[in-house]
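Below: one structure, written as C-alpha coordinates.
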Amino acid sequence: HHRDLHLSIRRQRQMCIRDRLKSIGKNGEKLSQALFDCMFTDIDKNLREMGVGDLSVGKKIKNLAAAYYGRVKAYEDALVETDEFLEAAFKRNIYLDSRPSAKQLNTFVNYFREQIKESESWSLDKITEVNFVFIPPPNIE
(Lines give C-alpha, C1' and ligand atoms only; values in the text may rest on other atoms or scores of the structure.)
Protein backbone atom coordinates (compact mmCIF):
# COMPACT_ATOMS: atom_id res chain seq x y z
CA HIS A 1 0.00 0.00 0.00
CA HIS A 2 2.76 2.45 0.98
CA ARG A 3 4.67 1.65 -2.23
CA ASP A 4 1.51 2.06 -4.35
CA LEU A 5 0.93 5.49 -2.86
CA HIS A 6 4.44 6.68 -3.70
CA LEU A 7 4.22 5.26 -7.22
CA SER A 8 0.90 7.03 -7.68
CA ILE A 9 2.37 10.34 -6.57
CA ARG A 10 5.15 9.86 -9.13
CA ARG A 11 2.60 9.02 -11.84
CA GLN A 12 0.59 12.09 -10.98
CA ARG A 13 3.70 14.25 -11.12
CA GLN A 14 4.54 12.79 -14.54
CA MET A 15 0.99 13.54 -15.61
CA CYS A 16 1.28 17.16 -14.41
CA ILE A 17 4.46 17.65 -16.43
CA ARG A 18 3.03 15.90 -19.48
CA ASP A 19 -0.23 17.85 -19.44
CA ARG A 20 1.53 21.16 -18.85
CA LEU A 21 3.91 20.52 -21.72
CA LYS A 22 1.06 19.56 -24.05
CA SER A 23 -0.77 22.78 -23.17
CA ILE A 24 2.27 24.90 -24.10
CA GLY A 25 2.24 23.99 -27.80
CA LYS A 26 4.31 22.09 -30.37
CA ASN A 27 7.66 22.38 -28.55
CA GLY A 28 6.01 21.28 -25.33
CA GLU A 29 4.37 18.33 -27.07
CA LYS A 30 7.74 17.24 -28.51
CA LEU A 31 9.37 17.40 -25.08
CA SER A 32 6.44 15.55 -23.54
CA GLN A 33 6.86 12.72 -26.05
CA ALA A 34 10.62 12.66 -25.50
CA LEU A 35 10.11 12.34 -21.73
CA PHE A 36 7.59 9.55 -22.21
CA ASP A 37 9.98 7.72 -24.53
CA CYS A 38 12.81 8.19 -22.05
CA MET A 39 10.67 6.86 -19.20
CA PHE A 40 9.78 3.67 -21.08
CA THR A 41 13.32 3.20 -22.39
CA ASP A 42 14.44 3.26 -18.76
CA ILE A 43 11.73 0.76 -17.80
CA ASP A 44 12.86 -1.48 -20.66
CA LYS A 45 16.46 -1.29 -19.42
CA ASN A 46 15.41 -2.06 -15.85
CA LEU A 47 13.35 -5.07 -16.91
CA ARG A 48 16.33 -6.46 -18.81
CA GLU A 49 18.62 -5.86 -15.81
CA MET A 50 16.13 -7.74 -13.63
CA GLY A 51 16.50 -10.72 -15.95
CA VAL A 52 13.32 -10.45 -18.01
CA GLY A 53 13.98 -12.23 -21.29
CA ASP A 54 14.21 -10.30 -24.55
CA LEU A 55 11.08 -11.95 -25.90
CA SER A 56 9.03 -10.91 -22.84
CA VAL A 57 10.22 -7.30 -22.50
CA GLY A 58 8.10 -5.95 -25.35
CA LYS A 59 4.94 -7.53 -23.98
CA LYS A 60 5.66 -6.25 -20.45
CA ILE A 61 6.33 -2.73 -21.79
CA LYS A 62 3.08 -2.85 -23.76
CA ASN A 63 1.15 -3.90 -20.61
CA LEU A 64 2.84 -1.21 -18.48
CA ALA A 65 2.12 1.47 -21.08
CA ALA A 66 -1.52 0.39 -21.26
CA ALA A 67 -1.79 0.53 -17.46
CA TYR A 68 -0.09 3.94 -17.40
CA TYR A 69 -2.43 5.38 -20.03
CA GLY A 70 -5.43 3.77 -18.34
CA ARG A 71 -4.65 5.50 -15.06
CA VAL A 72 -3.90 8.82 -16.75
CA LYS A 73 -7.20 8.65 -18.64
CA ALA A 74 -9.08 7.77 -15.44
CA TYR A 75 -7.53 10.76 -13.65
CA GLU A 76 -8.08 13.13 -16.58
CA ASP A 77 -11.72 12.08 -16.92
CA ALA A 78 -12.26 12.39 -13.16
CA LEU A 79 -10.61 15.82 -12.96
CA VAL A 80 -13.38 17.41 -15.02
CA GLU A 81 -15.99 15.87 -12.73
CA THR A 82 -16.58 16.21 -9.01
CA ASP A 83 -14.13 15.16 -6.32
CA GLU A 84 -16.12 11.96 -5.85
CA PHE A 85 -15.08 10.79 -9.33
CA LEU A 86 -11.43 11.47 -8.54
CA GLU A 87 -11.76 9.70 -5.20
CA ALA A 88 -13.21 6.66 -6.99
CA ALA A 89 -10.31 6.66 -9.46
CA PHE A 90 -7.83 6.80 -6.57
CA LYS A 91 -9.60 3.96 -4.78
CA ARG A 92 -9.36 1.78 -7.90
CA ASN A 93 -5.80 2.66 -8.83
CA ILE A 94 -4.02 3.34 -5.55
CA TYR A 95 -5.78 1.72 -2.66
CA LEU A 96 -6.91 -1.39 -4.54
CA ASP A 97 -8.32 -3.75 -1.91
CA SER A 98 -7.69 -1.57 1.15
CA ARG A 99 -10.28 0.82 2.50
CA PRO A 100 -8.98 4.39 2.73
CA SER A 101 -10.74 6.81 5.01
CA ALA A 102 -12.72 9.72 3.61
CA LYS A 103 -10.04 12.00 5.05
CA GLN A 104 -7.26 10.13 3.21
CA LEU A 105 -9.11 10.33 -0.08
CA ASN A 106 -10.00 13.99 0.40
CA THR A 107 -6.40 14.84 1.29
CA PHE A 108 -5.13 13.08 -1.82
CA VAL A 109 -7.70 14.76 -4.08
CA ASN A 110 -6.83 18.19 -2.69
CA TYR A 111 -3.11 17.53 -3.08
CA PHE A 112 -3.56 16.41 -6.69
CA ARG A 113 -5.68 19.44 -7.60
CA GLU A 114 -3.19 21.80 -5.91
CA GLN A 115 -0.30 20.22 -7.80
CA ILE A 116 -2.10 20.63 -11.11
CA LYS A 117 -2.85 24.28 -10.31
CA GLU A 118 0.82 24.83 -9.39
CA SER A 119 2.00 23.21 -12.62
CA GLU A 120 0.00 25.73 -14.67
CA SER A 121 2.62 28.36 -13.78
CA TRP A 122 5.51 26.34 -15.23
CA SER A 123 6.90 27.66 -18.51
CA LEU A 124 8.59 25.50 -21.14
CA ASP A 125 11.92 27.02 -20.10
CA LYS A 126 11.31 26.20 -16.44
CA ILE A 127 10.44 22.60 -17.29
CA THR A 128 13.37 22.23 -19.70
CA GLU A 129 15.76 23.60 -17.07
CA VAL A 130 14.04 21.58 -14.32
CA ASN A 131 13.53 24.89 -12.55
CA PHE A 132 10.28 24.05 -10.77
CA VAL A 133 9.27 22.24 -7.63
CA PHE A 134 6.52 19.84 -6.76
CA ILE A 135 4.34 20.51 -3.77
CA PRO A 136 5.50 18.14 -1.02
CA PRO A 137 2.95 15.35 -0.61
CA PRO A 138 0.91 15.39 2.55
CA ASN A 139 0.97 12.54 5.04
CA ILE A 140 -1.80 10.38 3.65
CA GLU A 141 -1.09 7.21 5.60
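Can you bin region 70-111 into rounded, prolate or oblate? Criterion: square roots of the alpha carbon gyration tensor eigenvalues sorted a ≥ b ≥ c, rounded for a/c under 1.5, prolate for a/b above b/c, oblate for the rest. Because a/c hits 1.5 or more and a/b fails to exceed b/c, region 70-111 counts as oblate.
The residues of the chain have, on average, 63 Å² of accessible surface per residue, using a 1.4 Å probe with all protein chains present. Using a probe radius of 1.4 angstrom, the carbon and sulfur fraction of the accessible surface of the chain is 54%. Cross-link pairs exceeding 23 Å between alpha carbons, from the set K26/K73; K22/K59; K30/K73; K73/K117; K26/K126: K22/K59.
With the charge dipole of the chain set up from +1 on Lys and Arg Cβ and -1 on Asp and Glu Cβ about the Cα centre, the Cα lying farthest toward the positive end among the listed residues L7, S123, S56 is that of S56. Residues in region 7-13 carry Karplus couplings, in order, of 5, 5, 5, 5, 4, 5, 5 Hz; the curve used is 6.51 cos²θ - 1.76 cosθ + 1.60 with θ = phi - 60°, and Gly or Pro positions show x. Based on the Kirkwood approach, the hydrodynamic radius assigned to the chain is 16.4 Å, with every pair of different Cα atoms included.
The values are calculated or read from the model by the stated rules, or taken from the named source; none is laboratory data. This structure is a prediction, so every number in the text was calculated from the model and none was measured. Cβ sites come from the backbone with ideal geometry, for glycine too, and all protein chains shown count toward neighbours. Note: accessible area is taken over every heavy atom of the protein model, side chains too, but ligands, DNA and RNA are not part of it. Shrake-Rupley method; radii C 1.70, N 1.55, O 1.52, S 1.80 Å.
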